[in-house]
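The values are calculated or read from the model by the stated rules, or taken from the named source; none is laboratory data. Quick caveat: nothing in here was measured; it's all calculated off a predicted structure. Neighbour counts are summed over all protein chains in view; Cβ atoms, including those assigned to glycine, are modelled from backbone coordinates with ideal geometry.
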Amino acid sequence: MKKPHILFLLVFTALQVGCVTQPATKPASYKRVSFNQFFDGQVASLPLALNLPTDYVHADGLELQATYSYWMNQDEISKVARTGDLPSRTGYIYGKISTNEGYSQTAGKFTSEDQLDAQFASQGMTVIERQRFKTKGYPVLSHIVRMRDGKVVCQMYVGTLISSNAIFISYRPPNNDLKVGVEVWGKVLEALRK
């Protein structure tokens with residue numbers, strides 16, 4: 001009868017030691033980056049900014065289409081440039097000017113907005129969060145989705161007030177961690193609202 005108690009005590013002690021020796025997660029820190037900085041001067045200046053993880057830098061040296069801009073850990077850039085594989089382990093954020101998306105002032109919505117739910121469903125995506133707001137007169141439509149394969153994607157359109165294009169920004173959290181994605185994306189949007 002004493003053996004189960006001893007076994008329980010050993011397991012309980014091992015769990016306590018395991019919890020104590022776990023490294024503490026360092027709190028995330030952020031830096032404010034203007035749209036002009038984010039796009040490395042490729043887009044007309046908008047009076048908007050994003051909060052990005054402090055350890056992300058503009059990924060210079062990547063072969064990209066015009067208006068694309070990537071931010072990631074400095075340590076990942078040379079590997080991405082060499083292989084073309086984006087850093088899923090540490091995450092990244094990118095943006096582009098989308099010339100096939102715009103914002104209709106009269107309709108009060110983005111041009112593909114009515115089809116988004118059907119597109120998400122057809123691709124097996126689950127919408128976790130959706131936000132819509134205006135900041136400094138610019139409309140924003142934001143989503144956090146989980147793809148069929150488990151990947152977490154945080155994305156938004158920002159209307160440029162030109163009906164034929166919009167800014168698209170997407171964040172991929174490290175290791176598709178939804179909790180990190182929600183936290184970081186919340187900080188990204190927080191800067192937009194200021």
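When the stretch 47-56 is filtered for residues that are in a loop (DSSP other than H, G, I, E, B) and buried (at least 18 other Cβ atoms within 10 Å of the Cβ), only L48 remains.
For the stretch 95-112, state whether one or more residues are of a type in the set (A, V, I, L, M), surrounded by 11 or more Cβ atoms within 10 Å (Cβ to Cβ), farther than 25 Å from E183 by Cβ and in contact (Cβ under 8 Å) with a residue 60 or more places away in the chain. The answer is yes; a qualifying residue exists. Of the listed requirements (1) surrounded by 14 or more Cβ atoms within 10 Å (Cβ to Cβ); (2) within 14 Å of the chain's Cα centre (by Cα); (3) in a strand (DSSP E or B), T90 misses just one: (3). For the stretch 138-194: of the residues being in contact (Cβ under 8 Å) with a residue 40 or more places away in the chain and of a type in the set (S, T, N, Q), which is nearest to K109 (Cα to Cα)? Restricting to residues being in contact (Cβ under 8 Å) with a residue 40 or more places away in the chain and of a type in the set (S, T, N, Q), the top hit is S163.
Remark: pairs (first residue in the stretch 57-75, part of a loop (DSSP other than H, G, I, E, B); second residue basic (K, R) and surrounded by 17 or more Cβ atoms within 10 Å (Cβ to Cβ); Cβ separation under 7 Å; 6+ apart in sequence or on different chains) = T67/K96; Y68/K96.
Which of the residues that make up the stretch 168-194 are over 15 Å from P87 (Cβ atoms) and either touching a helix residue (DSSP H, G or I) at 6+ places or on another chain (Cβ under 9 Å) or hydroxyl-bearing (S, T, Y) (or both)? Once the filter is applied, which keeps residues that are over 15 Å from P87 (Cβ atoms) and either touching a helix residue (DSSP H, G or I) at 6+ places or on another chain (Cβ under 9 Å) or hydroxyl-bearing (S, T, Y) (or both), the stretch 168-194 yields only I169. Cβ separations smaller than 6 Å between residues 6+ apart or across chains give the following pairs from the stretch 125-137 residues that are in a strand (DSSP E or B) to residues that are of a type in the set (V, I, T): V127/V145; I128/I144; E129/I144; F133/V140.
Quick one: in the stretch 1-58, which of the residues that are among the polar types (S, T, N, Q) and modelled with pLDDT of 50 or more is nearest to the chain's Cα centre (by Cα)? Among residues in the stretch 1-58 that are among the polar types (S, T, N, Q) and modelled with pLDDT of 50 or more, the one nearest to the chain's Cα centre (by Cα) is N51.
Residues in the stretch 116-131 that are surrounded by fewer than 12 Cβ atoms within 10 Å (Cβ to Cβ) and in contact with a helix residue (DSSP H, G or I) (Cβ under 9 Å, 6 or more places away or on another chain): T126 only.
The criterion of being part of a helix (DSSP H, G or I) and surrounded by 16 or more Cβ atoms within 10 Å (Cβ to Cβ) holds for V180.
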